[in-house]
Amino acid sequence: MSFRKENNVEWEFFKYAFPCSQVLLQQGKIIKEEYEDLKMKFLDCEAPEREILERVFSAAFVRIKKLASEQNKDYWDLGIIKEYWENYHNKIIDEGEGIYGKAPESFKDLCKIHEAEVVERKGNMLIVRYSGDGSRDEDRSRDETERVIFDTLVKDAKVGDKVKIHYGYGVEMVGLE
Amino acid sequence: MCLAIPGKVIEMNGEDIIVDYGAEKRNVKNLFDGLKVGEYVVVSGGFVIKKVPEKEALEAIELITNSD
C-alpha cells in the first residue's frame, strides 16, 4: 500500500534525489518552503511534477539527458532513471565531474548510493555499515564506514538486512524482489 | 553540486549535541558511539549522519566557500 508508486518514473527518480535536497537547502540553492514541500511529498511517497524535479535537481538531469541520448531513449524513460541511480550516478562522481574532482573522499561518499547493512535500530533511525569510503584519516581504520539514516522508506528493515542508502536516508531494501 | 557542509562538535550532553558551523550553531541528535568534542560531522534532518576526518572537513568547507 505504501509503495503504490512502484514503477512510477517520477517517484523512481525522486526517492533517490530527495535525500540530496537538504544539502541544496543548506547551500541556499532552494528555499525553505520549497524544501518543506519536497519533504512532505517524500513522506507521502509521492513525487512532485516533472517540471519541479527538473528545476530542483538540474545537475542530475544534465547527466540523465546525456545518458538517455547515448541510448536513443527519452530521458524520462523508467529504465534510464533506474540505470542512472544504479550505476551512472556513482560513476560520474568517481570520474570527478565538476566539484567532485576536488571533493574529499568522505564527502563524495555521501553523494554516492551504497548498499549498506543494518547493524542497529534506534527508533526510526538505523545505524548501517558499508565498505570503506576511502577517506584519509591516520587515526582510524577505514575499512568500514558507519552512517545513521532515517528509515522513512525502509520501515521494515531489521538488523542484518541490506538497504540502499543516499545521504541520511535508506531508499529501498535490497533483495526483496 | 551538492556537497554537504560539515560542522564541528562543540558540546555534548548524551544524545544532544551542539554543532558549530561558523556562522551559526545547531542543536542536533547524535547516535554514534564514541563521538567526541572537536570532531567534524555531517548533519541531516537534525541527526548526525556521518563522522568525517578533520582534514577532509576543512577541505570541504574551503571548497564550498570558494565555489559560489
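A short reminder: the numbers here are calculations on the coordinates, not readings from a lab. Note that this is a predicted model, so its numbers are computed, not measured. Glycine also receives a Cβ, built like all others from the backbone with ideal geometry; neighbour counts cover every protein chain displayed.
For this structure, a couple of remarks:
- Between A:D74 and A:E115, the modelled label-to-label distance comes to 3.1 nm, taking each label 7 Å out from Cα in the direction of the beta carbon.
- Across A:I52, A:I64, A:I99, mean-square fluctuation computed from a Gaussian network of chain A (C-alpha pairs under 10 Å connected) peaks at A:I99.
- If you take all other residues with their beta carbon under 12 Å from the beta carbon of B:K25, and give Lys and Arg +1 and Asp and Glu -1, the sum is -1.
- Here r is the Cβ-Cβ distance between A:D94 and B:E62 and R0 is 22 Å; the resulting FRET efficiency, rounded to 0.05, is 0.50.
- For A:G132, nonlocal amide neighbours, meaning residues 5 or more places apart or on other chains whose placed amide H falls under 5 Å from its own, are A:E144, A:T145.
- At R0 = 25 Å, FRET efficiency that the Cβ-Cβ distance of B:D33 and A:E46 yields, to 0.05: 0.10
- Number of Lys pairs (Cα under 16 Å; 8 or more positions apart or on different chains) in segment A:7-118: 18
- Whole-Hz Karplus values for segment B:48-53 come out as 5, 9, 7, 8, 10, x Hz, taken residue by residue from phi with 6.51 cos²θ - 1.76 cosθ + 1.60 and θ = phi - 60°; glycine and proline positions read x.
- The alpha-carbon of B:K29 sits under 15 angstrom from the alpha-carbons of these aspartates and glutamates, leaving out residues fewer than 8 places away in its chain: B:E11, B:E15, B:D16, B:D20, B:E39.
- Degrees, to the nearest 10: B:54-67 long Cα axis against longest axis of chain B: 40 degrees
- Semi-axes of the equivalent ellipsoid for the protein assembly as shown, computed as √(5λ) from the eigenvalues of its C-alpha gyration tensor and ordered from largest down, come to 28, 21, 18 Å.
- Footprinting exposure proxy for B:K36, A:K65 (fewest neighbouring C-beta atoms within 10 Å first): B:K36, A:K65
- Long-range tail of P(r) for segment A:1-78 (Cα pairs > 19 Å, %): 37 percent
- Under 22 Å of direct C-alpha separation, and excluding same-chain neighbours fewer than eight residues apart, B:K36 reaches these lysines: A:K122, B:K8, B:K25, B:K50, B:K51, B:K55.
- Rh by Kirkwood over Cα pairs, then Stokes-Einstein D for segment A:30-168 at 1.002 mPa s and 20 °C, µm²/s: 127 µm²/s
- Stokes-Einstein translational diffusion, chain B - Kirkwood Rh over all Cα pairs, 0.890 mPa s, 25 °C, in µm²/s: 203 µm²/s
- Diagonalising the gyration tensor over the Cα atoms of segment A:92-177 and scaling each eigenvalue by 5 before taking the square root yields semi-axes of 24, 15, 10 Å, largest first.
- Linear extension gain, A:N124 paired with A:E33, 0.36 nm per residue minus alpha-carbon span: 30.3 nm
- The simple spin-label model puts a point 7 Å past each Cα toward its Cβ; for A:D156 and A:K65 those points are separated by 3.9 nm.
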